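Worksheet: one structure, shown below.
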Amino acid sequence: MIRVIFFAGLASLMVALAVPPDATAATVIMGTVKNEAGKPLPGLALLEKGEIHNNKWERGALVSADGRFRIELPEGGQYGLHVYSSGYIYSPEAVKVETGKTLEVKVTLDPEPIRGNTPVIKKAGFSPGEARQEKMTLVKVDVEDPNGDLGPQVLAFNAATGRAYAMNPPKRITDLKANFPNGIYQLEVDTSKVPINPRDWHFVVADHQCNTTDILSFPHDPKPLKVIGKR
């Protein structure tokens, strides 16, 4: 009996040594968002998978009123972190997250000095039943940029699922550095099992000069742009 217990204990020890202690730990990026004066800023933190500016969006999170966000990832690797807050120039940063580890970042945003160059979301809407025999819903935004230098970042974020999406432009464009057109951008969402809840959806758009729309959240009624100034 003693020998059986000894070998059972030895086997358990070997298994414990073979499994890294952080093998089940979550892979997370988290951080704080503030302005230059140290005031916390709410907004969106969205992640590209892979190299920065490849427009392959994956996960995201709302940035709370106290400037905090947390995004849990399926795996470690290279990501592009983009942080947005209404009235501020967005912040892009290449980050590398290790599997099973938590990366913490601090983001400082500068206010847009003027808003005359800022793209705007004129309207957002949801059209169930327009695609694929009512199994899909079209999410749409009408975007306009005064300078005609809109970038590929016409983005939608579903806070319920944590998914971030690049929306499809009115016409196909393969060069991400090209100026994207004004007009209706859309996204097909599978709603065969779970219908869309508009309260979950948030939208933001940036041009090639990092001018950024205000974040458009439910009830998705655009408001006049304001210059925040130094605070």
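The values are calculated or read from the model by the stated rules, or taken from the named source; none is laboratory data. Since the model is a prediction, treat every value here as computed from it, not as a measurement. A quick note on method: Cβ atoms are made from the backbone with ideal geometry, for glycine too, and the neighbour counts reach across all protein chains shown. These accessible areas exclude ligands, DNA and RNA; they are computed on the full protein's heavy atoms, side chains included. Shrake-Rupley method; radii C 1.70, N 1.55, O 1.52, S 1.80 Å.
Data table
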| read-out | value |
| --- | --- |
| Dipole-positive endmost among L176, I228, G50 within the chain (Cβ charges, Cα centre) | I228 |
| Solvent-accessible area, 1.4 Å probe, carbon plus sulfur percent, for the chain | 54 percent |
| Trypsin sites (Lys or Arg not before Pro) within the range 41-137: DSSP coil, no more than 14 neighbouring Cβ in 10 Å | K56, K101, R132, K135 |
| Dmax and Rg, reported as Rg then Dmax, of the chain (C-alpha, Å) | 21.6, 83 |
| Whole-number accessible area per residue in Å² for the chain, which is evaluated in the context of all protein chains at 1.4 Å | 56 Å² |
| Kirkwood hydrodynamic radius of the range 172-231, from inverse mean 1/r over distinct Cα pairs, in Å | 14.8 Å |
| The range 192-231 and the range 91-122: distance between their alpha carbon centers, rounded to Å | 14 Å |
| Interchain or long-range residues, amide H under 5 Å from N35's placed H | L41, L109 |
| Nonlocal amide H pairs with K123, under 5 Å, H built at 1.01 Å | D142 |
| Test item: Cα-centred dipole of the chain, Lys/Arg +1 and Asp/Glu -1 on Cβ, debye | 360 debye |
| Within a Gaussian network of the chain (alpha carbon springs, distance under 10 Å), most fluctuating of A94, A166, A37 | A37 |
| Relative contact order of the range 136-183, defined on C-alpha pairs under 8 angstrom at six or more residues apart (%) | 44 percent |
| GNM result for the chain, Cα springs below 10 Å: residue of E58, E48, E98 fluctuating most strongly | E98 |
| Kirkwood-based shape ratio for the range 105-231, expressed as Rg/Rh from alpha carbons | 0.99 |
| Nearby lysines by direct alpha-carbon distance to K193 (threshold 24 angstrom, same-chain neighbours under 8 apart not counted) | K135, K140 |
| Top of D149, D175, D200 by mean-square fluctuation, Gaussian network on the chain, Cα under 10 Å | D175 |
| Nearest-ten-degree value, helix 2-18 long axis tilted from longest Cα axis of the chain | 30 degrees |
